[in-house]
Each structure stands twice: as C-alpha cells, then as structure tokens.
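Single-structure report; data block below.
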Amino acid sequence: MNMAKLEMVVGVFMLIGILCLGYISVKLGKMELIGGDYYTLSAEFDSVSGLKPGARVEIAGVEIGKVDRIVLDPKSGDQALVSLKIRSGIRITDDVIASVRTSGIIGDKFIMLKPGGSDRFLKNNDKLRETESAIDIEELVSKFIHGKVD
C-alpha cells in the first residue's frame, strides 16, 4: 500500500513538471497554440531578400505582429506577396508605408511600417499600397565596382 502511494505521488509530480516545462517552452519560444488574436494584411514587394516567415513587424520600434508567409505573387509572377499578422487592437492607416529593414549591420530582416496621416484604417485581408523593398548590398557593391552608380 505504501509503495503504491509513493508511485502515485511521483507520477503526479512528474505530470506537473512536464506541464510546467511545456508552458515555459511555449512562452519562451513565443509560440501560439490556438492561433492568437491577429488580423491579416498583405503587401507586394519587388524584393524581400533575407526576409523569413516569423520575422517581426514594427511601428516606431515596437513589435506589433509578424510575417506569416512569403510567396511569389500569382498575379504578377515577379513580385513577392508577404502576408502579415497584426495584433488585434493595433490600427493601421490605409496610407502606411511598409519597408523591409535590417536590424543592425548584419542582423535579421524585419518589416517596418511608417504610418501616414489618413483617418481610414485597414481591415482584415486588406492590402498595403506603398512598399519599399530590401536594399541589396551585393548589387550596390557590384554597381560601384563596375562604375554604374547613378
């Protein structure tokens, strides 16, 4: 009887430990088990070189969402279509400018949003009109070396 009680206590302790470990892993990994509270926007870029799904989306240096997916635009065939997940409660004006930026000299790429002065706001599944693509350092160096800088 005493041994069965000890095994039960150890089993409950192990179960609580595994649940705590799972909770901490989800919180530290910034994972979402049940979708989260987001709405989706999309933007077309000429180049998103180095940008990856999961990259952050910022306004004024504050993270407000993340890049959900990046695909080649089926309509144009020569632009990248980026899907952004923006936290609910964050209102984005319809004249916002989205640009691909780098954090630090050789840091990760992210999307920076520069709000405009409009009083109209984007809704779920709307498309951003103004975008600025990533600067391709290799292309700039190549132009400089070959004397084709404008």
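The figures follow:
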item: Distance (nanometres) between label positions extended 7 Å along Cα→Cβ at S25 and D126; result: 3.9 nm
item: From phi via Karplus (6.51, -1.76, 1.60), per-residue ³J(HN,Hα) for segment 98-112 in Hz, x at Gly/Pro; result: 9, 9, 8, 10, 10, 8, x, 6, 10, x, 6, 7, 8, 9, 10
item: Lysine pair number, Cα distance threshold 12 Å (strictly under), the chain, separation 8 or more or different chains; result: 6
item: Theoretical FRET efficiency, 1/(1+(r/R0)^6), r = Cβ-Cβ of D78 and S118, R0 35 Å, to 0.05; result: 0.75
item: Hz values of 3J(HN,Hα) by residue in segment 51-62 - Karplus curve (6.51, -1.76, 1.60), Gly and Pro given as x; result: 7, 10, x, x, 5, 7, 10, 10, 10, 6, x, 9
item: Distance in nm between pseudo-label sites at S47 and I97 (7 Å out along the Cβ direction from Cα); result: 1.9 nm
item: Helix-only CD estimate at 222 nm, as mean residue ellipticity for the chain, using -39500 (n - 2.57) per DSSP H run (n ≥ 4); result: -8000 deg cm²/dmol
item: Amide H contacts of T131 (H built 1.01 Å from N, under 5 Å, at least 5 apart or other chain); result: A98
item: Options (i) 1.02; (ii) 1.22; (iii) 1.25 - which one matches Rg/Rh (Cα atoms, Kirkwood Rh) as calculated here; result: (ii)
item: For D68, residues with placed amide H under 5 Å, excluding near neighbours; result: G54, S83, L84, K85
item: Bridge type composition, the chain - antiparallel percent by DSSP, nearest 5; result: 75 percent
item: Where labels lie 7 Å past Cα in the beta-carbon direction, separation of K5 and V71 in nm; result: 6.1 nm
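The numbers here are math on the coordinates, done by the rules we state, and not lab data. Given the structure is predicted, the values throughout are model-derived calculations rather than measurements. So basically every Cβ, Gly included, is an ideal-geometry build from the backbone, and we count neighbours across all protein chains shown.
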